[in-house]
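The values are calculated or read from the model by the stated rules, or taken from the named source; none is laboratory data. What you see is a predicted model, and the numbers here were worked out from it, not measured in a lab. Backbone-built Cβ (ideal geometry, glycine too); neighbour counts: all protein chains shown. Quick note on the areas: whole protein, heavy atoms, side chains included, nothing else; ligands and nucleic acids left out. Shrake-Rupley method; radii C 1.70, N 1.55, O 1.52, S 1.80 Å.
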Amino acid sequence: NQTHRDYPLTRCLHELFEDQVAKTPDAEALVFENQRLTYRDLNARANQLAHHLRARGMGPDVLVGLCVERSVEMVVAILGILKAGGAYVPLDPEYPKDRLQSMLEDAQSPIILTQRRLRDVLPESGASVFCLDTEWAALAGESVENPVNSSGPENICYVIFTSGTTGRPKGVMNVHKGVVNLLQWMQDEYRLTVQDRVIQTAPYSFDFSVEEFFWPLIVGASVVLVRPGGHREPGYLIDLIRRERITTMDFVPSML
């Protein structure tokens, strides 16, 4: 039962990503449809969002609602929220409106990041709303440099709500330290390299998605996002796996 490992548990998720950006800035980090971002490009966009959120009062343990379809904006938003010191709360646009309302009431998010086509999905709340796709020009003047880190390993990185099968859905908080520990173990076991290409299929409202986002991005591998709804389409997935030369994937047995 000697399980001790010298993992960097004093570092936050986004700091491990920034470390990798410094090592492989020109490597391909993210692929979605016809969009391809290097580590440098992805980091720069996330930094601009982070500085914008900081200016609006973002800090440690502040919960930011995130209502988006799978896209480049989704990954930029997740990284940007963490870099600003906050924690993201996935608001799956496929959820019923009353469930989203309940989640927002519990989270008390001061700001929600979304996409223009999803504005009508969101219930009324006191939060301000920023559309990542149509309002991005407002961030053009923000710095592309890494913001000074304001969060620590014990701060919340995300809150994912339970299914509600036993009553009202409950928000489960996870901290940087726990996720970093898991990802370091995964790397010890499976050894991704900069040549690896990982397909991202899990909805971001399931915490398994955290592994698909961050594990590749802290070791220099590439993340390939499936299109919205694509995780339910075997034919599309097979074509994507072949076309993008996917090396690593994780499916439930029925889909596999």
Region 129-166 scanned against label point 7 Å out from Lys23 along Cα→C-beta; backbone N under 16 Å for none
Probe 1.4 Å, all chains present, heavy atoms only: Glu94 accessible area in Å², nearest 10, is 120
Where a ≥ b ≥ c are root eigenvalues of the Cα gyration tensor, a/c under 1.5 meaning rounded, otherwise prolate if a/b exceeds b/c and oblate otherwise, region 1-46 counts as prolate
Expected unfolding gain across Asn181-Asp250 under the 0.36 nm per residue rule, minus the alpha-carbon gap, is 22.9 nm
Expressed in nanometres to one decimal, the distance between label points 7 Å along Cα→Cβ at Thr3 and Asp61 is 2.6
For the pair Ile238 and Gln101, the simple spin-label estimate (label points 7 Å beyond Cα toward Cβ) gives in nm 4.4
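How much of the accessible area of the chain, in percent, comes from carbon and sulfur atoms when a 1.4 Å probe is used?
So the carbon and sulfur contribution to the accessible surface is 51 percent.
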Filtering trypsin sites (Lys or Arg not before Pro) in region 174-245 by DSSP loop and by at most 16 other Cβ atoms within 10 Å leaves Arg191, Arg245
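Using the per-residue mean of other Cβ atoms lying within 10 Å as a proxy for protection, in what order, highest first, do the peptides 119-127, 8-16 fall?
Taking the mean over residues of other Cβ atoms within 10 Å, the ranking is 8-16, 119-127.
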Plugging the Cβ-Cβ distance of Arg117 and Thr165 into 1/(1 + (r/R0)^6) at R0 = 35 Å yields, to the nearest 0.05, a FRET efficiency of 0.70
Restricting to Cα pairs under 8 Å and 6 or more apart, the percent relative contact order of region 100-149 works out to 36
Sorting Ala107, Val89, Leu132 by the position of each Cα along the dipole of region 63-138 (Lys, Arg +1; Asp, Glu -1; all at Cβ), the one nearest the positive end of that ordering is Leu132
To the nearest 20 debye, the chain has a Cα-centred charge dipole, built from +1 on Lys and Arg Cβ and -1 on Asp and Glu Cβ, of 120
Which residues qualify? For Val226, with a placed amide H closer than 5 Å and at least 5 residues away or on another chain, they are Gln200
